[in-house]
Amino acid sequence: SPLAVWIPQAPAGDAEAQPMIGELFERGMRIEPDYQAAALWYRRAADQGFSRAQVNLGNLFERGLGVPRDPIQALTWYRRAAGLPEAVELESVPDVAPLLADRDRRIEALSLQIQRLEAD
């Protein structure tokens, strides 16, 4: 069985074997899928920087399979897999409220102009 091939290598920290085992658990080869076990094996390899496992773990977080549904965690793992820096902290994002308010004022002014032109 595929598990018999990969299991001996995985506990020793083999980052290639670990996501393979995770995929077998996720797909439920000859058994029901075990998403929690899949997440565990993906996490072991993902923590070692194995991008395939990072993508797979992100997918489980995105879908809420074996782990709580968490789009932020999903994005974090996808970004790691792509070699991108961690997600930007919210405190560093500039306040966009004034920009949105200005945009809304301009839209309202243009809407009034259009109404006046249509009325003429």
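The values are calculated or read from the model by the stated rules, or taken from the named source; none is laboratory data. Note that the structure is predicted; figures quoted are calculated from it, not measured. So basically every Cβ, Gly included, is an ideal-geometry build from the backbone, and we count neighbours across all protein chains shown. Keep in mind that these areas ignore ligands, DNA and RNA; they rest on the heavy atoms of the full protein, side chains included. Shrake-Rupley method; radii C 1.70, N 1.55, O 1.52, S 1.80 Å.
Taking the conditions (1) surrounded by fewer than 19 Cβ atoms within 10 Å (Cβ to Cβ); (2) at pLDDT 75 or above in turn, GLY22 satisfies each one other than (1). Selection within the range 33-62: residues that are in a helix (DSSP H, G or I) and polar (S, T, N, Q). The member of this set that is farthest from ARG79 (Cα to Cα) is GLN36. Within the range 52-78, residues that are among the hydroxyl-bearing types (Ser, Thr, Tyr) reach partners that are part of a helix (DSSP H, G or I) with beta carbons closer than 8 Å, at six or more positions or on different chains, in the pairs THR76/GLY58; TYR78/GLN54; TYR78/VAL55; TYR78/GLY58.
Given the structure, is ALA45 modelled with pLDDT of 80 or more and touching a Pro at 6+ places or on another chain (Cβ under 7 Å)? Spelling it out, ALA45 is indeed modelled with pLDDT of 80 or more and touching a Pro at 6+ places or on another chain (Cβ under 7 Å).
Against the conditions (1) touching a helix residue (DSSP H, G or I) at 6+ places or on another chain (Cβ under 7 Å); (2) at pLDDT below 90; (3) surrounded by 14 or more Cβ atoms within 10 Å (Cβ to Cβ), GLU86 satisfies every one except (3).
Against the conditions (1) at pLDDT 90 or above; (2) open to solvent by 100 Å² or more (accessible area, probe 1.4 Å); (3) over 18 Å from GLU16 (Cβ atoms), GLU32 satisfies every one except (1).
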